[in-house]
Structure formats: C-alpha cells, structure tokens
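For reference, the structure is listed below as structure tokens.
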Amino acid sequence: MEIVESDIETGENVVFSYEGDLSVDGLDHAVKDFEGELMRLDESKPVRKRIFSVALEVLQNVFHHGDPFGRNCALEGSLVYFKVRRDAGHYYLLASNLLAETKVEYLRNKIDIVNGLNRSQLENVYRLRLGLGGMRRKKGAGLGLLFIRRRSEQKIEYFFNKVAPGCVAFQMQVRIEREANE
C-alpha cells in the first residue's frame, strides 16, 4: 500500500526526497544529504536556515514519534517518506510515517492546540516549555511542534489514514515562505 497519496504530486520543483526506513543512521544520512541539497539552492541564508531547522525538527518528530519498524503494522515497503518541494512563493516540507492508532487522538490534540495559538501565545508557550525542559523526564519538553509552527510561521497541515489494523499513516505538511521575515 502506498502511504503518501498521489495528490501531493503537483509538478512543482522537488528539492529533496527520502523514502525508506528511518533508523538513526538513516536520519543522519538524510539530514546530511538534505543539507547538501539546501546549500545548492539560490535562497538567502535566513531562508535556508529556516528551512533546515524546520526540516530537522520534522525529521526528529518522525523518528521519535513514529513506528519506524512497523511493529503495529503488517505492511511491507517504505515506512517513512520525507519530501521538500517549492513553488514561486513557498517551500513545502512533507513527512509521512507509520503511527500506532492509539497515538492518533493525542497527536491530533497537540497539533490542534499548537495551530490554535496566535503569535504571542505561541511565543509565550514556547518560552515556558523551554524553561521546563530540564524538569521533564520524557523526550524533550514538548517543543517540537511548537518549534515547527513558530519557525515556519504557518499552521501545520496534517491528516491520518488508517492503513492496517492498529496502524495509521500520519502525514504532516509545513509551508515556509521563500521571503525571510527575519
């Protein structure tokens, strides 16, 4: 079964694409390859920096919160998909990975809360979480989605698609303007 729907393919310029198992080594290679492609782009340094930082956080989110080995799924083939494409005004970072169905509501609620924050609220919550980072026992301080939304300056688009019993494909798309607002 193909995880990424073909309606994403719009003919825009694909800058980078990765499909496969995202292990620690896979993540390192994907990041290094993406960084190399990014350096070839004719974009300002602030735009490249924003794209890279958001892409890195998206990949970390996929790695930490997904089901990279399909433990909850009986699927063959690619388990992770990451693509960066651009059009005249934006870059689009698309990531897809497998997720245990039990995580759907939790993740949906987190994204909806982050998407519902205005700029001022986003900054306040981010700073608060940043200050709590050392006090949290789980992975990080819950900064990933806040960081993605804050740096991209756009709402996170997402959807879930059930692909097998107990397993969903989670897709997230983040849009970044080609003009730096820094």
Completion exercise
Once ARG119 and ASN161 are pulled to full extension, the length gained, defined as 0.36 nm per residue separation minus their Cα-Cα distance, is 12.1 nm
Practice task
Compare the peptides 33-39, 88-94, 143-149 by average per-residue count of other Cβ atoms within 10 angstrom and give them in order, highest first.
Solution key: 143-149, 88-94, 33-39
Fill in the blank from the handout: Descending packing, highest mean Cβ count within 10 Å first, for 112-122, 41-51 is 41-51, 112-122
Exercise for the section: Output the pairs from LYS110/LYS155; LYS45/LYS155; LYS32/LYS162; LYS110/LYS162; LYS49/LYS83; LYS32/LYS155 with a Cα-Cα distance over 21 Å in this structure; if there are none, say none. Expected result: LYS45/LYS155; LYS32/LYS162; LYS32/LYS155
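FYI, it's all coordinate maths here, none of it is from the lab. Just so it is clear, the model here is predicted, and its values are computed rather than measured. Cβ atoms come from the backbone with ideal geometry, glycine included; neighbour counts cover every protein chain shown.
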